[in-house]
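I'd like to ask some things about the structure below.
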Amino acid sequence: MSIRYETNVELSALADRILAANRVAITTHVKPDGDAIGSTVALARAIEYLGKEAMVWYLGPVMDVFKSIIAPTQAHVVAEAVQPPDDIDLIIITDTGARSQLKGLGDWLDRHRDKVCIVDHHIQGDASLSDCRLIRTGTCAASEIVADLIEELGVPMDPSIAEPLYLGIATDTGWFRFSNTTPSTFRHAATLVEAGADHATLFRKIEQTDPPSRLRLLARALSSLAIVANGRAAVITLRKSDYDAAGATPDESHGFSDLPLSVESIEVACVIAETNGGHVKLSLRSKPGPNAVDVNQVARQFGGGGHARASGAKIDVSIDEARPKVVAALEKV
Ligand SMILES: [Mn+2]
């Protein structure tokens, strides 16, 4: 019988586990985002304040923009030859409870299962990872739960803890625009700004760091824009030659698929990008609402998938073959 992925501990019980430990390892999901970085770094600093040892372990590359947030806290990146130690008292996983997001640590987590606690805000996860789960699906970010945990621990909120927590809350809510933004989100944000989180500097550090090549690539992307399906769909085409001319790497077109949605009539947008291997990558986005297009269904037609509002696919044809097929699929939905 499988156990449901539900909360089963109180904040105070998790705080007691931390207070009883001396060496605490903290980890989070692969390719850590702002919430993953913010919740782990803040928790590590709070645990160090209590005179205990805290170590942070990340899976996959840490984006450069986060490095100044993490320093001076020591963070390790898991690799074949770099594994977390076994002599620890407690392991805290934040912002996920899914094995698929923790590949590379599975054996270590299972070996220490009775020491593992989860702090998460996602609906789905694997309860088999831990019997100590603090899951609040109504919170906007794991960082919001960690803020409460730090208060419960009696650690004063100083700028070095407030800043990463604010980062987690701000990035998971799209800087307070997404529907997961609640009155509690604003209350936490206010507390963190009062404690010294410099929100304007953080925004600049995280959101205004593009290289010029990305803007040059955007110019080429927008000049390829085609509006189809009676003005309801947009298609952007990016060829290998566009990346080369802009001097941009493949990941620099990240987020372009959201841009056409700023047009009132456009319900669905797709970026068709030629990859280095000669394949074609589709990124699909749609707006919420009564006539929302399920882009997961569209991506599935091309062997991909994802979510109803955001999904993607990789296809093994040339970009000139792919484009009319994508346009036809969008015309249909
Ligand atoms: Mn999160």
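The values are calculated or read from the model by the stated rules, or taken from the named source; none is laboratory data. Everything numeric here is computed off the predicted structure, so don't read it as measured data. Glycine gets a Cβ as well: all are built from the backbone with ideal geometry, and neighbour counts include every protein chain shown. Calculation scope for accessible area: heavy atoms of the full protein, side chains included, ligands and nucleic acids excluded. Shrake-Rupley method; radii C 1.70, N 1.55, O 1.52, S 1.80 Å.
Report, ordered by the first and then the second residue, all pairs with beta carbons closer than 6 Å, sequence separation of six or more or different chains, a first member in the range 122-142 that is in contact (Cβ under 8 Å) with a residue 60 or more places away in the chain, and a second member that is of a type in the set (Lys, Arg).
So the pair list comes out as 126/99.
Between 131, 95, which is at pLDDT 95 or above and within 12 Å of the ligand (Cβ to nearest atom)? Don't jump to the end; show me each part of the working.
On the way: 131 fails: within 12 Å of the ligand (Cβ to nearest atom).
On inspection, the qualifying residue turns out to be 95.
Let me confirm something: among 31, 67, 103, which residue is open to solvent by 10 Å² or more (accessible area, probe 1.4 Å), away from the ligand (no atom under 16 Å from the Cβ) and under 24 Å from residue 166 (Cα atoms)? Break it down into steps so the answer makes sense when it comes.
Numbers: 31 fails: away from the ligand (no atom under 16 Å from the Cβ); 103 fails: under 24 Å from residue 166 (Cα atoms).
None of the other options fit; the residue is 67.
Please find, among 253, 318, 262, 283, the residue that is modelled with pLDDT of 95 or more, surrounded by fewer than 22 Cβ atoms within 10 Å (Cβ to Cβ) and not aliphatic (A, V, I, L, M). So that I can check it myself, show each step before the final result.
Working: 253 fails: surrounded by fewer than 22 Cβ atoms within 10 Å (Cβ to Cβ); 318 fails: modelled with pLDDT of 95 or more; 283 fails: surrounded by fewer than 22 Cβ atoms within 10 Å (Cβ to Cβ).
Unique residue meeting the criteria: 262.
Within the range 68-91, is even one residue free of Cβ contacts under 8 Å to residues at least 40 places away in the same chain, of a type in the set (Ser, Thr, Tyr) and assigned by TED's automatic domain parsing to the domain that holds residue 56?
So far as the range 68-91 goes, yes, one or more of its residues are free of Cβ contacts under 8 Å to residues at least 40 places away in the same chain, of a type in the set (Ser, Thr, Tyr) and assigned by TED's automatic domain parsing to the domain that holds residue 56.
Here is a follow-up. Looking at the range 46-60, which of its residues are modelled with pLDDT of 95 or more and open to solvent by less than 30 Å² (accessible area, probe 1.4 Å)?
46, 47, 54, 55, 56, 57, 58, 59
Could you pull out every one of the strands (runs of 3 or more DSSP E) wholly within the range 262-333 that has 1 or more residues that are in contact with an Asp or Glu (Cβ under 7 Å, 6 or more places away or on another chain) and among the charged types (D, E, K, R)? First the steps, then the outcome.
Details: elements: 268-274, 280-286, 310-315.
The qualifying strands (runs of 3 or more DSSP E) are 280-286.
Moving to a separate point now. Does at least one position in the range 172-188 carry a residue that is assigned to a helix (DSSP H, G or I), within 13 Å of the ligand (Cβ to nearest atom), surrounded by 23 or more Cβ atoms within 10 Å (Cβ to Cβ) and not aromatic (Phe, Trp, Tyr)?
Checking the range 172-188: at least one residue is assigned to a helix (DSSP H, G or I), within 13 Å of the ligand (Cβ to nearest atom), surrounded by 23 or more Cβ atoms within 10 Å (Cβ to Cβ) and not aromatic (Phe, Trp, Tyr).
Suppose we filter 239, 300, 323, 309 for residues that are open to solvent by 40 Å² or more (accessible area, probe 1.4 Å) and either under 22 Å from residue 213 (Cα atoms) or of a type in the set (Phe, Trp, Tyr) (or both); which single one remains?
Among 239, 300, 323, 309, only 239 is open to solvent by 40 Å² or more (accessible area, probe 1.4 Å) and either under 22 Å from residue 213 (Cα atoms) or of a type in the set (Phe, Trp, Tyr) (or both).
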